[in-house]
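Below is one structure, written out as structure tokens, with a few remarks after it.
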Amino acid sequence: MVIKMTNKDKRFYQYMGKFFGSRIIEKQTNDRIYDDNDKEWYIYIEEDKVMAFISISHRKIKNIYAIKEKYLEELLKEIKNENNITYSIVTNSYEEIYKKCGFKVYKDNTYKNFVTIYMEKELAIK
């Protein structure tokens with residue numbers, strides 16, 4: 001089940017609290033997870049446990065983590081259907097999943113552990 005939350009939601013920290021400041025998550029994703037006020041979180045929950053999450057702020061994906069790829073794929077597909085994601089610098093840990101879900105991936109030598117992903121808006125032919 002996918003739920004959407006912000007850090008203002010009553011159960012947000014019950015689900016997400018253990019991920020903030022986690023060195024295990026940081027090591028896996030090469031990224032730190034913060035609970036900024038302007039983020040909307042897509043969280044995949046199974047048996048009342050977080051299996052994956054993605055945060056979005058101002059049409060940019062900010063944080064990504066998944067226990068298994070299948071959960072991340074479902075989140076990315078939902079986000080793609082609901083949002084027009086612009087250029088987002090994200091962990092390269094899930095690069096193949098981004099491509100599989102239809103995101104464009106741009107690699108830049110500037111970032112060792114990150115890639116830029118984005119959506120190409122399809123032009124409507126009238």
- Item | Listed peptides 88-94, 105-111 by packing density, highest first (mean Cβ within 10 Å) | 88-94, 105-111
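Calculate, for the chain, the solvent-accessible area per residue in square angstrom, rolling a 1.4 angstrom probe over the heavy atoms of the protein chains. Present the calculation step by step, with values, prior to reporting the outcome.
On the way: 8090 Å² over 126 residues.
It amounts to 64 Å² per residue over the chain.
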- Message: Just to confirm the filter: which chymotrypsin sites (Phe, Trp or Tyr not before Pro) across the range 32-84 are DSSP coil and have at most 15 other Cβ within 10 angstrom of their Cβ?
- Response: TYR34
- Query: Any idea of MET1's accessible area? Nearest 10 Å², probe 1.4 Å.
  - Reply: 130 Å²
- Ratio of the chain's C-alpha Rg to 2.2 N^0.38 Å, to two decimals? 1.04
- Message: Would you calculate the convex hull of the Cα atoms in the range 44-84 and tell me its volume per residue in Å³?
- Response: 67 Å³
- Message: For a quick check of your reading of the filter: which trypsin sites (Lys or Arg not before Pro) in the range 1-63 sit in a DSSP loop and have no more than 16 other Cβ atoms within 10 Å?
- Response: LYS8, LYS10, ARG11, ARG32, ARG59
- Within the range 15-53, list the GluC sites (Glu not before Pro) lying in a DSSP loop whose Cβ has at most 15 other Cβ atoms in a 10 Å radius. GLU47
- Calculate one ³J(HN,Hα) per residue across the range 42-52 by plugging θ = phi - 60° into the Karplus curve 6.51 cos²θ - 1.76 cosθ + 1.60, and present them in order as whole Hz with x for glycine and proline. 9, 10, 8, 10, 9, 6, 6, 10, 6, 9, 6
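In whole percent, and with a 1.4 Å probe on the protein chains, what portion of the accessible area of the range 46-126 is carbon and sulfur? Display every interim value, and only then the final one.
Values: 2330 of 5180 Å².
Heavy-atom surface of the range 46-126 belonging to carbon and sulfur, 1.4 Å probe: 45 percent.
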- Message: Can you sort ASP38, ASP31 by solvent-accessible area, 1.4 Å probe, largest first?
- Response: ASP38, ASP31
- Note on the structure: Where a ≥ b ≥ c are root eigenvalues of the Cα gyration tensor, a/c under 1.5 meaning rounded, otherwise prolate if a/b exceeds b/c and oblate otherwise, the range 7-51 counts as oblate
- Determine the dipole magnitude for the chain: charges of +1 sit on the beta-carbon of Lys and Arg, -1 on that of Asp and Glu, nothing else is charged, the reference point is the Cα centre, and the result goes in debye to the nearest 20. 180 debye
- Message: Placing unit charges on C-beta atoms (Lys and Arg positive, Asp and Glu negative, everything else neutral), compute the dipole magnitude of the range 1-45 about its Cα centre in debye, rounded to 20.
- Response: 200 debye
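The values are calculated or read from the model by the stated rules, or taken from the named source; none is laboratory data. Small disclaimer: the values here were computed from a predicted structure and weren't measured. Neighbour counts run over all protein chains shown; Cβ positions are idealised from the backbone, glycine included. SASA here: full protein model, heavy atoms, side chains in, ligands and nucleic acids out. Shrake-Rupley method; radii C 1.70, N 1.55, O 1.52, S 1.80 Å.
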